Structures are given as C-alpha cells and as structure tokens.
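One structure is given below, encoded as structure tokens.
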Amino acid sequence: QYPDIKTAYDLVQGLRNIFNTATSIEIAYTKLAHWYKDVENTGLRAFNTIANTITLNYRSILNYFINRSTNASAESFNAKIKAFRAQFRGVKNVEFFLYRLTTIFA
C-alpha cells in the first residue's frame with residue numbers, strides 16, 4: 001500500500017545486513033557501495049544524510065570490520081565522567097577529582 005515506506009524499510013534492512021554479515025573490509029566496501037547506489041536510485045531524501053556520512057567517513061567505518069570492535073565502552077565511560085562531574089557542579093580541585101574517579105570507576 002505504501003511503496004515509499006517499503007523502499008525505506010528495505011534500505012534500512014540492507015544497511016543493517018551489511019554490518020551483520022560482511023566478513024571482511026573488501027566485502028563491506030563493495031556492499032556499502034551498492035547500498036549507496038541504491039540510495040541514489042531511490043531518490044529518497046531522508047537517506048541523504050546517512051549516505052553522505054558514509055561517503056565522508058568510509059575509511060573509519062570500514063575499520064569496524066577488522067575485528068568488529070567499537071568505541072562504545074569509551075563513550076560509556078565518558079558519559080559516566082560527565083554525569084559525575086555534573087553531580088558536583090564542576091571541578092575545582094583536579095587532583096581530588098581524578099582520585100575520586102579512580103576510586104569509584106577503577
């Protein structure tokens with residue numbers, strides 16, 4: 001009934017499938033190129049942002065396929081530090097702040 005929604009859904013599933021099934025950088029690069037071409041052919045403007053992001057950062061994105069690791073743990077730790085700092089409304093004594101971080105989060 002809604003062909004545009006089906007097309008968008010298929011594009012999302014296609015990108016998800018690349019990250020779930022690609023086993024090497026070469027395969028991922030090829031599949032991302034095909035996905036990008038599909039996005040261009042559909043003409044859906046909603047995917048322009050992600051397509052441009054992939055185009056600009058494809059080298060960094062392809063690094064994921066080396067050993068499938070991300071920086072999620074570092075981002076989580078940064079969020080914990082930010083929340084901890086906000087709880088005390090800033091840092092006046094940096095040495096004590098670092099001491100508290102190491103005793104709480106180490």
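So, in segment 1-26, exactly how many residues are open to solvent by 70 Å² or more (accessible area, probe 1.4 Å), assigned to a helix (DSSP H, G or I) and of a type outside the set (Phe, Trp, Tyr)?
Filtering segment 1-26 down to residues open to solvent by 70 Å² or more (accessible area, probe 1.4 Å) leaves 1-6, 9-10, 16-17, 20, 23, 26.
In the following step, the residues that additionally are assigned to a helix (DSSP H, G or I) were identified as 3-6, 9-10, 16-17, 20, 26.
Still in the running and of a type outside the set (Phe, Trp, Tyr): 3-6, 10, 16-17, 20, 26.
Count: 9.
Restricting attention to segment 64-80, which residues are in contact with a helix residue (DSSP H, G or I) (Cβ under 8 Å, 6 or more places away or on another chain) and without any contact (Cβ under 8 Å) to a residue 24 or more places away in the chain?
Across segment 64-80, the qualifying residue is only 70.
Do you know which residues across segment 61-106 are closer than 30 Å to residue 26 by Cα and open to solvent by 80 Å² or more (accessible area, probe 1.4 Å)?
63, 66, 67, 68, 70, 71, 73, 75 - these are the residues of segment 61-106 that are closer than 30 Å to residue 26 by Cα and open to solvent by 80 Å² or more (accessible area, probe 1.4 Å).
Among the β-branched types (Val, Ile, Thr) and not in a helix (DSSP H, G or I) - does that describe any residue in segment 88-98? So that I can check it myself, show each step before the final result.
Narrowing segment 88-98 to residues among the β-branched types (Val, Ile, Thr): 91, 94.
Restricting the remaining residues to those that are not in a helix (DSSP H, G or I) gives 91.
Yes, segment 88-98 contains at least one residue that is among the β-branched types (Val, Ile, Thr) and not in a helix (DSSP H, G or I).
Within segment 73-87, is even one residue under 14 Å from the mean Cα position of the chain (by Cα), of a type in the set (S, T, N, Q) and more than 30 Å from residue 104 (Cα to Cα)?
Step one: of segment 73-87, the residues under 14 Å from the mean Cα position of the chain (by Cα) are 73-76.
With the extra rule that they be of a type in the set (S, T, N, Q), the set shrinks to 73, 76.
Adding the requirement that they be more than 30 Å from residue 104 (Cα to Cα) leaves none.
Looking through segment 73-87, none of the residues is under 14 Å from the mean Cα position of the chain (by Cα), of a type in the set (S, T, N, Q) and more than 30 Å from residue 104 (Cα to Cα).
For segment 34-45, which positions are of a type in the set (Gly, Ala, Ser) and either surrounded by 12 or more Cβ atoms within 10 Å (Cβ to Cβ) or not assigned by the TED database to the domain that holds residue 10 (or both)?
The answer is none; no residue qualifies.
The values are calculated or read from the model by the stated rules, or taken from the named source; none is laboratory data. Note that the structure is a prediction, hence the values are computed from the model and not measured. Don't worry about glycine lacking a Cβ; one is built from the backbone with ideal geometry, like all the others, and counts go over all protein chains shown. Note: areas computed on protein heavy atoms with side chains; ligands, DNA, RNA excluded. Shrake-Rupley method; radii C 1.70, N 1.55, O 1.52, S 1.80 Å.
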